[in-house]
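Read the figures in this text as sums done on the coordinates, not as results from a lab. Here the structure is a predicted model, which means the values were calculated and not measured. So basically every Cβ, Gly included, is an ideal-geometry build from the backbone, and we count neighbours across all protein chains shown.
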Amino acid sequence: MGTEKVNFDIAIIGGGVTGCSIARELSKYTIKACVIEKNTDIGEGTSKANSGIVHGGFDAEPGSLKAKLNIEGAGSMAALSKELDFPYKNNGSMVISITEDGLAVLEDLKARGEKNGVAGLEIISGNKARVLEPNLSKAVKWALHIPSSGIVCPFNLTVALGENAAENGVEFFLNTEVLGIDKPTQTVGKDESCHKNNAGFYEIRTDKANIRAKMIINAAGVYGDFIHNMVASNKEHLIARRGEYCLYDKKHGDFTERTIFQLPSKLGKGVLVTPTVHGNMMIGPNAFDIDGKEGNNTSKAGLDEIMDKARHSVEALPPRSGIITSFAGLRAHSERDDFIIENALGCDNFIDVIGIESPGLSCAPAIGPFVVEFVKKSMRLEEKPKGTWNGNRKGFTHMEEMTFEERAEIIAEDGRYGNIICRCESVSEGEIIEAINRPLGATTLDGIKRRVRGGSGRCQGGFCMPKVMEILARELNVDVSDIHKSGNESQVIFGNIRDIDGVEQSREVENENH
Amino acid sequence: MKIINRELLVIGGGPAGLAAAVGAYEEGIRDILILERDIEAGGILNQCIHNGFGLHTFKEELTGPEYAGRYIDKVNGLGIEIKTNSMVIDLKPVENDENKDSYGNLATVVSRSEGMYQIKAKAVILAMGCRERPRGALNIPGFRPAGVFSAGTAQRLVNIEGRNVGKDVVILGSGDIGLIMARRMSLEGARVHCVLELMPYSGGLKRNIVQCLEDYSIPLHLSHTVIDVKGKERVTSIVAAQVDENLQPIPGTEKEYKCDTLLLSVGLIPENEVSLSAGIEISPITNGPVVDEAMETSCRGVFACGNVLHVHDLVDYVSDEADVAGRKAAAFIRSQGEEVNTKEHARHIETLGAVRYVVPQEIHSDNLDDEQIFRFRVSKPMGRSKIVVSIGDKTVMSKNKMIMAPGEMENITFKKKWLEGTGADDKISISAFEIDKEFVI
């Protein structure tokens with residue numbers, strides 16, 4: 001982005017799954033839209049660290065936005081996964097009770113679910129549940145079976161929405177942090193200082209060039225209150241509610257077929273045991289309200305807690321040695337206990353889409369269309385001419401899931417798909433290059449990992465990390481030292497250990513001159 | 001897909017694969033193919049540029065690349081074919097085998113230059129080595145910044161790629177790679193604050209503790225672990241704490257180290273994805289295949305050796321073991337697969353006392369050579385100890401050791417003649433125990 005001012009009809013602040021869903025929906029119209037994301041990649045916040053569950057929709061309060069959008073979002077996830085070619089599986093779920101008293105709670109959930117429009121709900125005995133899920137705890141007395149729920153790859157869902165939006169003309173400003181927002185002034189004064197505010201334009205001040213937009217959509221995740229409070233006449237407060245997870249080796253991937261929930265509490269749906277759409281097993285999350293918005297670190301107490309709680313759901317939880325990584329995510333919890341999708345108080349053309357905590361991922365396919373309907377109340381949107389919008393996207397090649405014949409065919413055409421870089425997940429050089437050269441392509445190790453799984457397996461990048469760094473450097477035409485794990489400060493290596501024929505030295509001198 | 005027939009396929013071109021191929025060649029097999037997934041043969045030795053290799057095999061001290069070079073030269077000199085950049089992604093026994101010429105196993109290979117193809121081999125030797133245990137398996141809490149490396153990854157970056165991975169380093173785990181990297185990072189000008197070890201003893205070789213830590217005044221803190229990793233993007237510090245006898249951190253013993261790098265040397269795991277695809281039985285203790293005296297796995301005609309079988313301390317022992325696997329695979333090929341023994345006749349070797357595991361895990365008495373080497377590790381450091389081999393209630397061997405440690409592999413030579421006069425159902429056992437302590441089976 002140059003230093004000249006850029007004018008947009010709509011600027012979306014936040015490139016998570018919510019922002020990307022809105023961006024894709026807006027890309028159907030002739031307006032000029034952009035996404036402003038402070039991280040180096042889309043989906044770096046809450047979207048990258050969650051359960052990856054497509055919830056049935058039984059949990060939310062009937063009449064709430066959560067309930068409405070959950071049903072709509074989950075209902076369209078399967079179709080969207082075909083349009084945008086990302087991994088989704090309808091694996092079903094169960095809510096279990098280990099007490100007789102819990103039956104009443106399950107019945108409430110069932111009634112609530114039916115009110116919300118969830119189909120196929122059934123309460124079954126512990127014994128019947130154990131026939132469906134043999135590893136279920138012997139203590140389980142009753143279970144609510146939800147056949148409609150599923151699992152999805154949260155990274156690929158976000159990337160798919162973002163890529164498709166980009167392909168259809170939405171501009172993405174990554175690495176761009178919003179520092180302040182000036183409200184539009186209605187009159188253009190003669191005074192020089194007033195020139196910076198074109199009539200009807202918000203002036204979004206960032207750490208790069210400023211961006212102007214007629215309308216702002218605030219999809220800034222845990223920072224949603226922060227952005228809101230820059231302009232609105234009231235104050236919002238979002239709590240960052242941390243959830244920790246442990247991810248198990250794929251050898252435990254079929255430990256359960258369904259997602260196993262415990263009875264929900266005030267803090268959320270409790271610790272679950274689930275397969276992931278990629279065939280790992282995962283447990284978590286707990287819920288802990290943190291100070292600030294950056295604490296996505298795990299704690300010993302938290303990791304112990306989720307293992308202890310998971311043991312209530314299943315009979316013999318695989319041992320700690322089966323865990324390949326643990327992580328934490330932050331939910332953007334609003335004290336209003338529902339999503340906030342509305343015009344910010346005292347600001348025209350400023351739409352908050354905040355407090356998107358669970359079941360936000362399930363809702364994502366529905367949030368885009370819902371918000372766009374909201375936009376239409378104050379901005380005329382004109383559909384692009386037929387044939388100029390393409391809602392389909394081809395997903396990343398995933399060799400490991402193909403038959404040998406299919407793989408052989410691809411490798412015969414392009415040998416780079418025969419050069420396996422990540423041994424654990426069988427990810428080839430061709431797949432990594434794809435992840436880099438797409439619109440909104442990966443520029444970091446984490447970006448590769450989330451798009452095509454290189455480094456996400458049981459050795460966690462031990463073997464492939466140096467090779468992935470080299471491929472990134474080569475494809476992006478930068479020095480290996482400039483390849484980061486994720487953020488700009490997450491430098492992996494500090495240059496070369498010694499000068500080779502003075503090459504390194506001359507480069508350093510060059511850098512100093514800049 | 002194209003199918004190629006070979007007599008012997010060796011999966012892996014590291015020290016185990018190279019020595020196995022040489023062993024098979026010396027037993028008369030000529031149609032041998034070694035597949036190596038990296039760009040060159042030599043395996044992990046290529047990044048082990050320190051010396052200390054080959055004292056047993058070559059009676060001299062070599063660096064890792066030199067040791068590998070000796071075997072690569074030998075393999076090349078014998079005209080054994082090595083294909084690099086070739087990775088086996090699947091192995092299956094050939095099914096419904098009525099035609100004797102087609103016995104064997106079918107490996108599926110991917111290669112950048114040759115595409116995807118299959119190799120039908122009369123015998124296969126698994127020599128894929130091992131990988132490092134990642135941070136996740138320890139569940140170390142904290143952030144997940146850049147700057148946390150497994151020690152072997154850091155070793156590769158420093159020694160092969162010539163990169164600087166950190167300036168201020170803490171190392172968790174006193175396995176050999178961790179110790180070697182403590183010295184290596186010091187030599188590159190980094191400050192190595194300490195090596196932390198969860199257990200009350202080191203998992204590495206004594207000589208490495210002396211040469212890599214003591215000589216560089218790097219403290220080794222036993223019974224310590226990392227309880228927090230700080231720094232959102234790059235490591236800024238780690239918090240260490242002492243642990244109690246249950247390996248739980250003791251409150252009040254926390255100490256924060258400002259550093260930019262945490263190296264992990266917390267264990268190696270045999271890499272058996274290919275073995276699993278063939279349905280080979282894996283030992284839960286070694287994490288490698290269960291093998292018999294011929295290093296043959298539960299899958300007929302598939303042999304295993306080196307770190308894919310069990311993690312070794314010295315490469316010399318890998319070479320020895322691989323040589324046996326190569327020779328036995330050759331014998332298998334020569335017999336046209338008509339083995340006299342079946343797995344039903346295998347006799348399991350029991351491990352008692354401090355013996356954590358033994359390889360091979362089972363033997364066929366009839367097929368034993370006059371002498372059979374058993375390799376094992378003990379589960380704890382031991383002072384003056386006894387190693388005892390028993391068959392039924394008869395003690396056939398007993399020897400004293402001054403010291404034994406989990407980090408050092410032990411071996412005994414089992415003599416076939418010991419079996420004379422014993423019953424086929426008599427249990428064979430290997431035990432190790434400290435002499436001054438009571439030992440009850």
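Counting DSSP beta bridges in chain A, what percent are antiparallel, to the nearest 5?
In chain A, DSSP labels about 70 percent of beta bridges as antiparallel.
Can you give the Rg to Rh ratio of chain A, both from alpha-carbon atoms, with Rh computed by the Kirkwood formula?
Ratio value, two decimals: 0.98.
Out of segment A:102-143, which trypsin sites (Lys or Arg not before Pro) are coil in DSSP terms and have no more than 11 other C-beta atoms within 10 Å?
Counting only loop positions with at most 11 other Cβ atoms within 10 Å, the trypsin sites (Lys or Arg not before Pro) in segment A:102-143 are A:138.
Within a Cβ distance under 9 Å of residue B:205, other residues only, what is the Lys/Arg minus Asp/Glu net charge?
-1
What FRET efficiency do you get for residue A:388 and residue A:83 if R0 is 22 Å and r is their Cβ-Cβ distance, rounded to the nearest 0.05?
E between residue A:388 and residue A:83, to the nearest 0.05, is 0.85.
Taking H placed 1.01 Å from N in the peptide plane, check which residues at least 5 places from residue B:356 or on another chain put their amide H under 5 Å from its amide H.
Amide H neighbours of residue B:356, under 5 Å, 5+ apart: B:377, B:378, B:379.
Using only the Cα atoms of segment B:77-189, what do you get for the radius of gyration and for Dmax, in Å?
20.8, 64
Please list, by residue number, every one of the GluC sites (Glu not before Pro) in segment A:96-193 that is coil in DSSP and has at most 15 other beta-carbon atoms within 10 Å.
In loop regions of segment A:96-193 (DSSP not H, G, I, E or B), the sparsely surrounded GluC sites (Glu not before Pro) are A:100, A:177.
Roughly speaking, what is the centre-to-centre gap between segment A:360-379 and segment B:169-187 when only Cα atoms are used, to the nearest Å?
53 Å
Quick one: which of A:31-43, B:375-387 comes out on top by average Cβ neighbours within 10 Å, and what's the full order, highest first?
A:31-43, B:375-387
Just how far, in whole angstrom, is segment A:259-328 from segment A:427-486 if you go by their alpha carbon centroids?
Measuring centre to centre over Cα atoms gives 28 Å.
Can you compute the equivalent ellipsoid semi-axes for chain B, i.e. the square root of 5 times each eigenvalue of the Cα gyration tensor, sorted largest first and rounded to whole Å?
Each semi-axis is √(5λ); the values are 38, 29, 19 Å.
Tally Lys/Arg at +1 and Asp/Glu at -1 over every other residue whose Cβ is under 15 Å from the Cβ of residue A:239; what's the total?
It works out to a net charge of -2.
By average Cβ neighbour count within 10 Å, what is the ranking of B:389-402, A:449-462, B:361-374 from highest down?
A:449-462, B:361-374, B:389-402
Give the long-range amide H neighbours of residue B:168: residues separated by 5 or more places, or on another chain, with amide H under 5 Å away, using H modelled in the peptide plane at 1.01 Å from N.
Sorted by chain and number, the residues that satisfy this are B:191, B:260, B:261.
Using θ = phi - 60° and the Karplus curve 6.51 cos²θ - 1.76 cosθ + 1.60, what whole-Hz ³J(HN,Hα) does each residue of segment B:384-393 get, with Gly and Pro shown as x?
4, 9, 10, 10, 10, 10, 10, 10, x, 9
In a shell of Cβ-Cβ distance under 13 Å around residue B:256, excluding residue B:256 itself, what net charge do Lys and Arg (+1) and Asp and Glu (-1) give?
Value of the local net charge: 0.
Starting from the 7 Å offset along Cα-to-Cβ, what nm value, one decimal, do you get for the label separation of residue A:477 and residue A:376?
Between residue A:477 and residue A:376, the label points sit 4.4 nm apart.
Averaged over A:314-325, how many beta carbons belonging to a partner chain fall within 10 Å of each residue's beta carbon?
Per residue, the average neighbour count from other chains is 3.
Skipping prolines and chain starts, which residues have an amide H placed within reach, meaning under 5 Å, of the one on residue A:137, given they are 5 or more residues away or on another chain?
A:314, A:315
How many partner chain Cβ atoms sit within 10 Å of a residue's Cβ in peptide A:413-421, on average, as a whole number?
Partner-chain Cβ atoms within 10 Å, mean over residues of A:413-421: 5.
Per the Debye formula with a single identical scatterer at each Cα and no solvent contribution, what log10 I(q)/I(0) holds for the protein assembly as shown at q = 0.06, 0.07, 0.08 Å⁻¹?
Computed log10 I(q)/I(0) values: -0.48, -0.65, -0.84.
Using only the Cα atoms of segment B:134-266, what do you get for the radius of gyration and for Dmax, in Å?
Cα radius of gyration and Dmax of segment B:134-266 are 13.5, 41 Å respectively.
Would you list A:83, B:61, A:357, A:335 from fewest to most Cβ contacts within 10 Å?
In order of increasing Cβ crowding within 10 Å: A:335, B:61, A:83, A:357.
Along segment B:4-12, what does the Karplus equation 6.51 cos²θ - 1.76 cosθ + 1.60 (θ = phi - 60°) give for ³J(HN,Hα), rounded to whole Hz, x for Gly and Pro?
With the stated coefficients, segment B:4-12 comes to 10, 9, 9, 6, 10, 10, 10, 9, x Hz.
Taking every pair of alpha-carbon atoms in segment B:26-69, what share in percent sits in each 5 Å bin, from 0 to the bin with the longest distance?
Histogram of Cα-Cα distances, whole percents per bin: 6, 21, 20, 16, 16, 16, 5.
From zero outward in steps of 5 Å, how is the percent of C-alpha pairs of segment A:378-501 spread across the bins?
Using 5 Å bins, I get a P(r) of 2, 10, 18, 19, 16, 11, 8, 7, 5, 3, 1, 0, 0 for segment A:378-501.
Pop out the ³J(HN,Hα) list for segment B:144-161 in order, Karplus 6.51 cos²θ - 1.76 cosθ + 1.60 with θ = phi - 60°, rounded to Hz; leave Gly and Pro as x.
These are the phi-based 3J(HN,Hα) values: 10, x, 5, x, 9, 10, 6, 4, x, 5, 4, 4, 5, 4, 6, 7, 9, 8 Hz.
In peptide A:461-471, what is the residue-averaged number of other protein chain Cβ atoms found within 10 Å of each Cβ?
4
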